[in-house]
1. Filter the stretch 345-402 down to residues that are of a type in the set (D, E, K, R) and not in a strand (DSSP E or B), then give me how many there are.
2. Out of the stretch 451-505, which residues are in a loop (DSSP other than H, G, I, E, B) and either among the polar types (S, T, N, Q) or within 30 Å of Ser183 (Cα to Cα) (or both)?
3. Limited to the stretch 185-219, what total is found for residues that are outside any strand (DSSP E or B), open to solvent by 40 Å² or more (accessible area, probe 1.4 Å) and polar (S, T, N, Q)?
4. Do any residues in the stretch 428-447 that are at positive phi have Cβ atoms under 7 Å from those of residues that are open to solvent by 10 Å² or more (accessible area, probe 1.4 Å), where the two are at least six apart or on different chains, and which pairs are they?
5. Going through Val302, Val339, Val288, Val349 one at a time, which residue ends up being among the hydrophobic types (A, V, I, L, M, F, W, C), open to solvent by 50 Å² or more (accessible area, probe 1.4 Å) and within 28 Å of His206 (Cβ to Cβ)?
6. Give the residue that is most open to solvent (accessible area, probe 1.4 Å), with candidates limited to residues of the stretch 2-38 that are part of a loop (DSSP other than H, G, I, E, B) and among the aromatic types (Phe, Trp, Tyr).
7. Scan Phe89, Phe122, Phe41, Phe114 and give me the residue that is open to solvent by less than 40 Å² (accessible area, probe 1.4 Å), out of contact with any Asp or Glu (no Cβ under 9 Å at 6 or more places or on another chain) and either under 26 Å from Ile235 (Cβ atoms) or at pLDDT 95 or above (or both).
8. When you go through (1) under 26 Å from Val283 (Cα atoms); (2) crowded, with 22+ Cβ neighbours inside 10 Å; (3) touching an Asp or Glu at 6+ places or on another chain (Cβ under 7 Å) one by one for Tyr175, which number turns out not to apply?
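The values are calculated or read from the model by the stated rules, or taken from the named source; none is laboratory data. Note that the structure is predicted; figures quoted are calculated from it, not measured. Note: ideal-geometry Cβ built from the backbone for every residue, glycine included; neighbour counts use all protein chains shown. All accessible areas refer to the heavy atoms of the entire protein, side chains included, with ligands and DNA or RNA removed. Shrake-Rupley method; radii C 1.70, N 1.55, O 1.52, S 1.80 Å.
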Amino acid sequence: GQLPTWLQGILLRNGPGMHTIGDTKYNHWFDGLALLHSFTFKNGEVYYRSKFLRSDTYNCNIEANRIVVSEFGTMAYPDPCKNIFAKAFSYLSHTIPEFTDNCLINIMKAGDDFYATGETNFIRKINPQTLETLEKVDYSKYVSVNLATSHPHYDSDGNVLNMGTSIADKGKTKYVLFKIPSSVPEKEKKKSCFKHLEVVCSVPSHSLLHPSYYHSFGLTENYIIFIEQPFRLDIVKMATAYIRGVTWASCLTYNKDDKTWIHFIDRKTKKEVSTKFYTDALVFFHHVNAYEEDGHIIFDLVAYTDNSLYDMFYLKNLNKDFEETTKFNSIPTCKRFVVPLQYDKDAEVGSNLVRLASTATAVKEKDGNIYCQPEALCEGIELPRINYNYNGKKYNYVFATAVQWSPVPTKIAKFNIQTREMLYWREDNCWPSEPVFVPNPDAKEEDDGVVLTCVLKTDPKEAPFLLVLDAKTFTELGRATVNVEMHTDLHGVFIPEQVVKTGTE
């Protein structure tokens, strides 16, 4: 095929790439050592490169020729030959876990630099052109967090907004929203942008010892949206996991009878909206987008009614019968919440406060809390992406992987939120990855651009390829076949050519 002449830059992807070290194996697919991939687009040609992230975790494991650093679903134990004192010390040091720097989930831009990210307090700087691993950054040196999301947001000035959990700091457990500036003052050019990191605000956890797990958060022009779901980490269990010989993942519990709290933080005042909004128990990983309209906040996310998704990816379940054995208990559903921030304070108890055309409701309760029920937009999509120029604004299109009854995607979808139309790309025996939308630099419309996805073949003898689709029509423009063994990855970013240049000069 032929690629558009304007498509110049690098698609960077990240995900787990090695699950066996010596004669030890990770328990969970999300634990594998991070493997970075890049597809460089230059004058109509595509160049491929891949490299393992040379994290401290990677280096320690490879040197020992076994898994010696614990991951979320795999607890590693020290060498039994060590003397009893060393062993006792090792147990103690695991109480507050020294988390891994195996950053295998996403890629983040901060200042002119790019970082591989996971969900711990560590991120690793990388060179986007060579995929070389550079310095390690510890968030906790700049802000009191033990965990941070892999899905930050970027404001119009290029500053990074992210959230992390601060566990029992000064006897309080809270969710911390922080900002990393896109540039530092001229006279401090040698300093990193992390030295100028600022805490925007914090939201206290509903429970000191059971903070909510979250993978992303929402953003509109004036508000941050944080969903505190009843899918929680048990801190006491985590502190004793090592001694008990269980994984940290086993310390995550979902309470289906609990409420899901919806927090809105005003970006100007840096304070939380005082009205309490909540919905029924749900589990979700990905926000799609959010925006404001006529005194309401509208936000879309992909939600489940249980937490079985994580369990499906234990490697013992990923056998040859994977497609047969792992079936969703709860199909992912794209849900739209419509929340009235401005409403008549004298409205009757039991009345629906939503004034927009939507089947989503927000009902006032006796105690002043507002109970929100979403509208289901569509089913069976995951790894949602949008045209990021429309982030926090009213939008029409979601690009996603389409999953039917199993979490392994077989199609790429384009969903029109207004008309509810769905376009698909599929081909027999193909597993596509998260689609990344790249806008045409001269775009006049939201879907004017291309969609990029890496496609694996179910037969390992067949070569994988990078697929380029016209985002409007969803027709194939071209594909670049790569004759290497490629792995299913998680998330990635496209870096336009001019951005790559400034970052690596």
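1. Kept after step one, since they are of a type in the set (D, E, K, R), are these residues of the stretch 345-402: 345-346, 348, 355, 364-367, 375, 379, 382, 385, 393-394.
Cutting the leftovers down to not in a strand (DSSP E or B) gives us 345-346, 348, 355, 365-367, 393-394.
The total comes to 9.
2. Here is the first cut: in the stretch 451-505, the residues in a loop (DSSP other than H, G, I, E, B) are 458-464, 471-475, 482-490, 505.
Once the filter is applied, which keeps residues that are in a loop (DSSP other than H, G, I, E, B) and either among the polar types (S, T, N, Q) or within 30 Å of Ser183 (Cα to Cα) (or both), the stretch 451-505 yields Thr458, Thr473, Thr475, Asn483, Thr488, Leu490, Glu505.
3. 1
4. Partner pairs satisfying both residue conditions: Asn429/Lys457; Asn429/Thr458; Asn429/Asp459.
5. On the way: Val302 fails: open to solvent by 50 Å² or more (accessible area, probe 1.4 Å); Val339 fails: open to solvent by 50 Å² or more (accessible area, probe 1.4 Å); Val288 fails: open to solvent by 50 Å² or more (accessible area, probe 1.4 Å).
The unique qualifying residue is Val349.
6. As a first pass, look at the stretch 2-38 and keep what is part of a loop (DSSP other than H, G, I, E, B): 2-8, 19, 22-23, 26-27, 32.
Within this subset, residues satisfying the condition of being among the aromatic types (Phe, Trp, Tyr) are 6, 26.
Working: Trp6: 68, Tyr26: 5 Å².
Looking at the filtered set, the residue picked out is Trp6.
7. Working: Phe89 fails: open to solvent by less than 40 Å² (accessible area, probe 1.4 Å); Phe122 fails: out of contact with any Asp or Glu (no Cβ under 9 Å at 6 or more places or on another chain); Phe41 fails: out of contact with any Asp or Glu (no Cβ under 9 Å at 6 or more places or on another chain).
So the residue among Phe89, Phe122, Phe41, Phe114 that is open to solvent by less than 40 Å² (accessible area, probe 1.4 Å), out of contact with any Asp or Glu (no Cβ under 9 Å at 6 or more places or on another chain) and either under 26 Å from Ile235 (Cβ atoms) or at pLDDT 95 or above (or both) is Phe114.
8. (3)
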